[in-house]
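The values are calculated or read from the model by the stated rules, or taken from the named source; none is laboratory data. If you're wondering where the values come from, they're calculated on a predicted model, not measured in any experiment. Every residue, glycine as well, gets a Cβ built from its backbone with ideal geometry; the counts of neighbours run over all protein chains shown. The area values use the complete protein model at the heavy-atom level, side chains included, leaving out ligands, DNA and RNA. Shrake-Rupley method; radii C 1.70, N 1.55, O 1.52, S 1.80 Å.
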Amino acid sequence: MGKNLFIAEKPSVAREFANALKYNMRSKDGYLESEEAIVTWCVGHLVTMSYPEVYDEKFKRWSFETLPFLPAEFKYEVIENARKQYTIVSSLLNREDVSTIYVCTDSGREGEYIYRLVDQMAQVSANKKKLRVWIDSQTEEEILRGIREAKPMAEYDNISSSAYLRAKEDYLMGINFSRVLSLKYGFWLNDTLKGQKWTS
């Protein structure tokens, strides 16, 4: 029988899960492990959407000719300063002795998005059972209830789709409007600020 892997969003929450499970957990680099289970964390976002220049070098230079930026398919990448923890989580997700993954990121759209990005990037096997833990607090009683009543990830696909859509909308608005405003008003704003007399 394989091990259960519990993935929380923050180290502090992961420790609460480890305490609630009452296993003899040993601290490792980026996770906790016992004979029965593994508990790890995402420390917030580990994966993010790629900048336009990753799609094509021409997008590195801001220009009206390359706007609006509307990719047919979005690209994602590991956040550089979170690469170590991503590598740890990804390797745990794909460990042969892990049979069931309990997704314990924060209950909500953002928490769902954080895990789904990691799962997508790590290309986790479809053979592994994935269950979603949805809790209202980090008390021991609530954590154990959430684990007991965990549901298949597929039941949260609508929340996941909503999270992806919101992230894409924010990304496109941010990328395109920041570039348009900078190109149109950047020089004027820079000149204005240079001539501004600041008083304390």
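A few remarks follow.
- The phi torsions of the range 76-93, fed into the Karplus equation with coefficients 6.51, -1.76 and 1.60 and a -60° offset, translate into couplings of 10, 8, 6, 5, 4, 6, 10, 4, 4, 5, 4, 4, 5, 4, 4, 5, 5, 4 Hz, rounded to whole numbers, with Gly and Pro shown as x.
- Considering only Ala37, Ala154, Ala126, the mean-square fluctuation computed in a Gaussian network model of the chain, springs between alpha carbons under 10 angstrom, is largest for Ala126.
- The chain - mean residue ellipticity at 222 nm from DSSP helices (-39,500 (n - 2.57) per run, n ≥ 4, rounded to 500): -14000 deg cm²/dmol
- Two-site FRET efficiency, Thr48 against Asp97, from Cβ-Cβ distance with R₀ of 25 Å, rounded to 0.05: 0.25
- Gyration tensor (alpha-carbon) shape descriptor, the range 104-148, a/c threshold 1.5: oblate
- Residues whose amide H falls under 5 Å from that of Lys28, counting only those 5 or more places apart or on a different chain, are Glu33, with hydrogens built in the peptide plane.
- Result for the chain in a Gaussian network model with C-alpha springs under 10 Å: among Leu46, Leu181, Leu117, the largest mean-square fluctuation is at Leu181.
- Dipole size of the chain about its Cα centre, with +1 on Lys/Arg Cβ and -1 on Asp/Glu Cβ: approximately 440 debye, rounded to the nearest 20.
- Accessible area of Leu70 (1.4 Å probe, protein heavy atoms only, ligands and nucleic acids ignored): about 120 Å².
- For the range 23-31, Karplus couplings with θ = phi - 60° (6.51, -1.76, 1.60), whole Hz, Gly/Pro x: 8, 7, 7, 10, 6, 10, 7, x, 6
- A cut-off of 5 Å between modelled amide H atoms, ignoring neighbours fewer than 5 places along the same chain, links Lys10 with Cys42, Val43.
- Accessible area of the chain divided out per residue, in Å², using a probe of 1.4 angstrom: 60
- Note on the chain: dipole from Cβ charges, positive end direction compared against Leu183, Cys42, Tyr156; the farthest Cα belongs to Leu183.
- Nitroxide proxy distance, nm - points 7 Å out along Cα→Cβ at Glu110 and Lys151: 2.3
- 22 Å Cα-Cα threshold exceeded, pairs from Lys58/Lys184; Lys3/Lys128; Lys28/Lys129; Lys10/Lys168: Lys28/Lys129; Lys10/Lys168
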